[in-house]
Amino acid sequence: LLDVGSLAPGETDVSIISSVTNPQKWSAEKPVLYTMALELRRDTQVLERIERHIGFRKIEVKGSQVYVNGVVAKFAGACHHEVDPLQGRAGTARYAVKDVELMKEANLNYIRTSHYPPTKELVDAADRVGMYLEVEAPFCWVAPTEDIEHLGEILTPTTAMVDYYNSHPSVIVWSIANESHLNEAFVISEKLVSDLDPSRLTTFNHPFSKEGNERW
């Protein structure tokens, strides 16, 4: 709750920090969600109200295993494309919930959103139904380059992806690109994503060349 009546006119930066003591943890098996509400008021008048569903969970890597909330996670997953069964390749937000539900019924718990970020409807469904997501930046078959001339074209959509999806508990992995040459621009991109969001894992799917970078 923020009351703007006490703020000075003009632009004002406000930082709000709140803590939750021992919340129930979100996982694919138990997708516990909380509702976060933020109201902007002037005296008793509500100027704006925003609600978000959020979850609490912790992702860790120990050795070669991934832990979710301190428990070893075993992933059974598949890639997901935005393909409409009647209209062909198209944005299919209307099938997003059904896609997640069908994968859940097939005993899958992991979706890779190849090769571009998914619709909001799919991520919301994954939060609610209980499905781990690997959200992939929109890069595929990027050729090698000796310079970083196109660095901005890579960082802009990648950082926008992190900014847009970072509040979703279902998202546990950021994929930097798919089937491309691991050039200097992608190395910088991965470093930036890791700095922006150290709480999640990063990956580079099927690099054509590692060029001395063995972490992928």
Q) With axes computed from alpha carbons, what is the tilt in degrees of helix 184-196 against the longest principal axis of the chain, rounded to the nearest 10 within 0 to 90? A) 30 degrees
Q | Residue-by-residue Karplus 3J(HN,Hα) for the stretch 111-120, coefficients 6.51, -1.76, 1.60, Hz, glycine and proline x | A | 10, 9, 8, 7, 10, 5, x, x, 6, 4
**Q.** Accessible area per residue in Å² at 1.4 Å probe, computed on the stretch 90-191
**A.** 42 Å²
Q. Which FRET efficiency value, to the nearest 0.05, is calculated for V32 and T12 with the Förster distance at 41 angstrom and r the Cβ-Cβ distance?
A. 0.75
**Q.** Karplus-derived 3J(HN,Hα), 6.51/-1.76/1.60, for each residue of the stretch 56-70, Hz, glycine and proline x
**A.** 10, 6, 10, 10, 9, 10, 10, x, 9, 10, 9, 10, 10, 6, x
Q) Which cross-chain or sequence-distant (5 or more) residues have an amide H under 5 Å from the amide H of Y132, H modelled 1.01 Å from N in plane? A) Y110, I111
(Q) Using 0.36 nm times the number of residues separating R94 and H150, minus their current alpha carbon distance, what extension gain do you get? (A) 16.7 nm
**Q.** Set of lysines with alpha-carbon distance to K104 below 20 Å, sequence-local pairs under 8 removed
**A.** K25, K30, K74, K120
(Q) If you count only protein heavy atoms with a 1.4 Å probe, what accessible area per residue comes out for the stretch 9-74, rounded to a whole Å²? (A) 81 Å²
Q. Given a 1.4 Å probe and every protein chain left where it sits, what share in percent of the accessible area of the stretch 3-80 is carbon and sulfur?
A. 50 percent
Q) Simple spin-label model, 7 Å along Cα-to-Cβ: E184 to V83 in nm? A) 3.9 nm
Q) In terms of the Cα gyration tensor, with a ≥ b ≥ c the square roots of its eigenvalues, is the stretch 36-84 rounded because a/c is under 1.5, prolate because a/b exceeds b/c, or oblate? A) oblate
Q. With r defined as the distance between the Cβ atoms of A143 and Y164 and R0 fixed at 35 Å, what FRET efficiency is calculated, to the nearest 0.05?
A. 0.85
**Q.** Share of carbon and sulfur in the accessible heavy-atom surface of the stretch 112-197 [1.4 Å probe, %]
**A.** 57 percent
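The values are calculated or read from the model by the stated rules, or taken from the named source; none is laboratory data. The model shown is predicted, which means the values in this text are computed figures rather than measured ones. Reconstructed Cβ throughout: ideal geometry from the backbone, glycine too, with neighbour counts over all protein chains shown. Just so you know, the surface numbers come from the protein's heavy atoms only, side chains and all, with ligands and any DNA or RNA stripped out. Shrake-Rupley method; radii C 1.70, N 1.55, O 1.52, S 1.80 Å.
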